[in-house]
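Participant: I'd like to ask you about the structure that follows.
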Amino acid sequence: GQWYARINRKFVYYGKDPEAARRRFLRERDYLLAGEPVPGESSQITVREVANQFLAVKESRANSGQISRRTFAGLLQVATEFVAMFGTKDVNTLKPMDFERFRASLSGGSPVVLKNKLIRLRSLFKFATDNVEGVGQIKFGTGLELPNKAELRRHRARQPKPLLTPEDFRNLWDAANVRLRAWIG
């Protein structure tokens, strides 16, 4: 006597009221088809909430001088980019393919920049698993693997050599007057 649906070879029962069953089915359908757990109203912890907690802690550390403002700015940038992509998603339902999608959105720049962003994102999820109640272990897959050393070496070799050596810069500095020193430095 209940409304039900068979999704992924499982029967999901929605109750006797046809309108309430229809609303619940429409709300849960996408999660069930994807094979993800259906987030409860109170148990869902979104990526945005985790990122806000992480950034609040890091900002207080930046204000107290434990980390630099530049470090905090880098953490803020990566967290903002990740939240823009997955902000409303339950953090416990993140899959390795989500991290692959995020990594693909970061490509196109230097492998050093990619490495730094991936390290910052890893620190966000390390914080989440250690400090946020209700967040379990998250599988990153290969999405958060750092670029290998050979790739970093190739990138460094492709960089142009500096126009001035430190010795040249010191000679210019010593020979310059006050106005030129302001321009050089």
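The values are calculated or read from the model by the stated rules, or taken from the named source; none is laboratory data. This one's a predicted model, so the numbers in the text were calculated from it and none came from an experiment. Neighbour counts run over all protein chains shown; Cβ positions are idealised from the backbone, glycine included. The protein model used for the area step is the full one, side chains on, heavy atoms only, and it has no ligands, DNA or RNA in it. Shrake-Rupley method; radii C 1.70, N 1.55, O 1.52, S 1.80 Å.
Participant: Out of (1) touching a helix residue (DSSP H, G or I) at 6+ places or on another chain (Cβ under 7 Å); (2) assigned to a helix (DSSP H, G or I); (3) open to solvent by 40 Å² or more (accessible area, probe 1.4 Å); (4) without any contact (Cβ under 8 Å) to a residue 40 or more places away in the chain, what's the single condition that is false for Leu55?
Facilitator: Single failed check for Leu55: (3).
Participant: Is it fair to say Phe72 is more than 21 Å from Gly136 (Cβ to Cβ) and either in a loop (DSSP other than H, G, I, E, B) or among the aromatic types (Phe, Trp, Tyr) (or both)?
Facilitator: Answer is yes for this residue.
Participant: Test Arg179 against the criterion of being of a type in the set (Lys, Arg), surrounded by 10 or more Cβ atoms within 10 Å (Cβ to Cβ) and assigned to a helix (DSSP H, G or I), and give yes or no.
Facilitator: no
Participant: Which one of these does Lys139 not meet: (1) open to solvent by 50 Å² or more (accessible area, probe 1.4 Å); (2) in contact (Cβ under 8 Å) with a residue 40 or more places away in the chain; (3) within 11 Å of the chain's Cα centre (by Cα)?
Facilitator: The one condition Lys139 does not meet is (3).
Participant: Listed residues Arg29, Arg22; which is in a helix (DSSP H, G or I), more than 19 Å from Arg122 (Cβ to Cβ), at pLDDT below 90 and open to solvent by 80 Å² or more (accessible area, probe 1.4 Å)?
Facilitator: Arg29 is the lone residue from the list that is in a helix (DSSP H, G or I), more than 19 Å from Arg122 (Cβ to Cβ), at pLDDT below 90 and open to solvent by 80 Å² or more (accessible area, probe 1.4 Å).
Participant: Select from the range 142-174 the residues that are closer than 20 Å to Phe99 by Cβ and either open to solvent by 90 Å² or more (accessible area, probe 1.4 Å) or not in a helix (DSSP H, G or I) (or both) and list them in ascending order.
Facilitator: Thr142, Gly143, Leu144, Glu145, Leu146, Pro147, Asn148
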